[in-house]
Amino acid sequence: MGSKTVRIVEVGPRDGLQNVKTVVDTPTKLELIQRLQSAGLRNIEIASFVSPKAIPQLADCRKILTAPVVRKWQQSNTTLRLPVLVPNIKGLRIALEHGVREVAVFVSTTEGFSRANINCTVAESLERAKQVATEARAAGAVVRGYVSCIFADPFDGPTPLPAVSHAVRSLLDIGCYEVSLGDTLGVGTPPDVRRLLEYLKSQDIPTDNLAGHFHDTYGQALANVWTAYECGLRTFDSSVGGLGGCPFAPGAKGNVATEDVVYLFQQAGIDTGVDLQQVADIGVWISQALAKPNDSRAGAALASKFKKPSTRTSSPKV
Ligand code: COA
Ligand code: ZN
């Protein structure tokens, strides 16, 4: 804790594209991943090995993993980490066959979303995650965990704090090196974040093993990132252009935008290793490719060449 760096996990190619109406072709996805890597992102979730019936937008996951550039990265000793999401042993085995070295397992804190998203109970999903983590680690892969619906479930309503700590503790116990706390619906506010993180601390869950994953449905995502930072979190998931959302959480908006997170920390003197202008350019490009508005405020400001007041040479007209 207290270090002046933050680790960003870019989830645009997975969370960002799993809910879009436009079907993105494989070359565009690969260009997105390559450009994100060039912009300095060192953790990029590139695909999910889930049922193509559940998420048709990511059905080309094998093509992504067999692309020469991705193969080269997987086989080299690069510090680049390219996790893929897997819901079960079937997904894990396909991922391992494709040289994947990091997988992400996911469970809901709540029954309603668990049933809708992965067609099983929370207890069953934890059992599946355990099988996946055990087999993945035996094969030399590392495992990240996601807990969804940390504040509310679209079917069950508000999430009780103990349900979150139970899911997080279970994922750490099965060997996840980190658990990402997902506000899947994007309904949480800074006081909610503070209350949850203080509760998890009181349950002896180490802050160093947690990440924040905030969606922006109610415009609170960036404030939630900063609050979580103040509470000790140093890893945040985000998505270029603010892409993202889950088809099983209707109405929820995208992830906090990577550009906005980079701008926030850069202005606070905290290093993310990411080039703001490059990631802003990627946000403009991918938003155009998807024919959707750019949901990053920082990205839109940089695209419009808006200058911060401190860099203006003359007083602005009001
Ligand atoms: N990869 C590819 N196909 C898979 C798969 C995987 N990891 N797991 C299951 N399938 C296929 C099965 O082969 C079967 O295909 P068939 O109908 O052609 O025989 C079909 O999916 C159903 O399999 P089943 O084991 O009965 O699963 P299910 O219908 O209970 O669905 C999940 C469970 C987890 C596979 C499915 O709900 C899913 O993929 N959810 C992902 C949701 C997601 O990614 N959400 C966004 C992240 S929060
Ligand atoms: Zn998400």
Number of the exception - Arg144 against (1) touching a strand residue (DSSP E or B) at 6+ places or on another chain (Cβ under 8 Å); (2) within 12 Å of ligand 1 (Cβ to nearest atom); (3) of a type in the set (Lys, Arg): (2)
Which numbered condition Leu30 misses (of (1) of a type in the set (A, V, I, L, M); (2) within 15 Å of the chain's Cα centre (by Cα); (3) not in a loop (DSSP other than H, G, I, E, B)): (2)
Residue pairs, Cβ under 8 Å, 6 or more apart or interchain, first in region 76-100 and under 26 Å from Ser38 (Cα atoms) and small (Gly, Ala, Ser), second outside any loop (DSSP other than H, G, I, E, B) and within 16 Å of ligand 2 (Cβ to nearest atom). List them. Ala95/Val84
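In region 215-233, which residues are outside any helix (DSSP H, G or I) and of a type in the set (Ser, Thr, Tyr)?
Within region 215-233, Thr217, Tyr218 qualify.
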Of all residues in region 146-180 being under 25 Å from Asn19 (Cα atoms) and out of contact with any Ser or Thr (no Cβ under 9 Å at 6 or more places or on another chain), the one that is least open to solvent (accessible area, probe 1.4 Å): Val179
If you take the residues in region 234-244 that are within 18 Å of Thr184 (Cα to Cα) and part of a loop (DSSP other than H, G, I, E, B), which one is farthest from ligand 2 (Cβ to nearest atom)? Leu243
Spot the failing condition for Thr235; the list is (1) over 20 Å from Pro83 (Cβ atoms); (2) crowded, with 17+ Cβ neighbours inside 10 Å, and only one is missed. (1)
Take residues that are open to solvent by 50 Å² or more (accessible area, probe 1.4 Å), hydroxyl-bearing (Ser, Thr, Tyr) and more than 25 Å from Ser48 (Cα to Cα) and tell me which of the helices (runs of 4 or more DSSP H) falling wholly in region 245-304 contain 1 or more. 258-267
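Each row is one residue, and each column tells you yes or no for (1) away from ligand 1 (no atom under 16 Å from the Cβ); (2) closer than 19 Å to Val168 by Cα.
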residue: Asp204; (1), (2): yes, yes
residue: Thr207; (1), (2): yes, yes
residue: Asp237; (1), (2): no, yes
residue: Ala252; (1), (2): no, no
residue: Val284; (1), (2): yes, no
residue: Ser287; (1), (2): yes, no
residue: Ser296; (1), (2): yes, no
Mind telling me which of the residues Asn88, Asn19, Asn43, Asn77 ends up being modelled with pLDDT under 95 and either within 20 Å of the chain's Cα centre (by Cα) or open to solvent by less than 40 Å² (accessible area, probe 1.4 Å) (or both)? Asn19
Among (1) open to solvent by 10 Å² or more (accessible area, probe 1.4 Å); (2) within 21 Å of Gly175 (Cα to Cα), where does Lys53 come up short? (2)
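Okay, residues lined up against (1) within 14 Å of ligand 2 (Cβ to nearest atom); (2) closer than 18 Å to Val24 by Cβ; (3) touching a helix residue (DSSP H, G or I) at 6+ places or on another chain (Cβ under 8 Å); (4) aromatic (Phe, Trp, Tyr):
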position: Val262; (1), (2), (3), (4): no, no, yes, no
position: Gln266; (1), (2), (3), (4): no, no, yes, no
position: Gly273; (1), (2), (3), (4): no, no, no, no
position: Ala289; (1), (2), (3), (4): no, yes, yes, no
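So, Thr217, is that one of a type in the set (Ser, Thr, Tyr) and in contact with a helix residue (DSSP H, G or I) (Cβ under 8 Å, 6 or more places away or on another chain) or not? Can you show your working first?
On the way: of a type in the set (Ser, Thr, Tyr): yes; in contact with a helix residue (DSSP H, G or I) (Cβ under 8 Å, 6 or more places away or on another chain): no.
Considered against the rule, which asks whether it is of a type in the set (Ser, Thr, Tyr) and in contact with a helix residue (DSSP H, G or I) (Cβ under 8 Å, 6 or more places away or on another chain), Thr217 comes out as no.
Could you identify the single residue in Ala116, Ala104, Ala67, Ala59 that is surrounded by fewer than 20 Cβ atoms within 10 Å (Cβ to Cβ) and within 16 Å of ligand 2 (Cβ to nearest atom)? Walk me through it before giving the result.
Working: Ala104 fails: surrounded by fewer than 20 Cβ atoms within 10 Å (Cβ to Cβ); Ala67 fails: within 16 Å of ligand 2 (Cβ to nearest atom); Ala59 fails: within 16 Å of ligand 2 (Cβ to nearest atom).
Exactly one of Ala116, Ala104, Ala67, Ala59 is surrounded by fewer than 20 Cβ atoms within 10 Å (Cβ to Cβ) and within 16 Å of ligand 2 (Cβ to nearest atom), namely Ala116.
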Filter region 217-226 down to the residues that are open to solvent by 10 Å² or more (accessible area, probe 1.4 Å) and more than 16 Å from ligand 1 (Cβ to nearest atom), then identify the one that is nearest to the chain's Cα centre (by Cα). Leu222
List the number of the failed condition for Gly175; all other conditions in (1) of a type in the set (Gly, Ala, Ser); (2) touching a Lys or Arg at 6+ places or on another chain (Cβ under 7 Å); (3) touching a residue at least 60 places away in the same chain (Cβ under 8 Å) hold. (3)
State whether one or more residues within region 32-49 are over 27 Å from Gln277 (Cβ atoms) and without any contact (Cβ under 8 Å) to a residue 12 or more places away in the chain. no
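The values are calculated or read from the model by the stated rules, or taken from the named source; none is laboratory data. The structure displayed is predicted, hence computed values, not measured ones. Here the Cβ is made from the backbone with ideal geometry for all residues, glycine too, and neighbour counts use every protein chain on show. Protein only, heavy atoms only, side chains kept; ligands, DNA and RNA dropped before computing areas. Shrake-Rupley method; radii C 1.70, N 1.55, O 1.52, S 1.80 Å.
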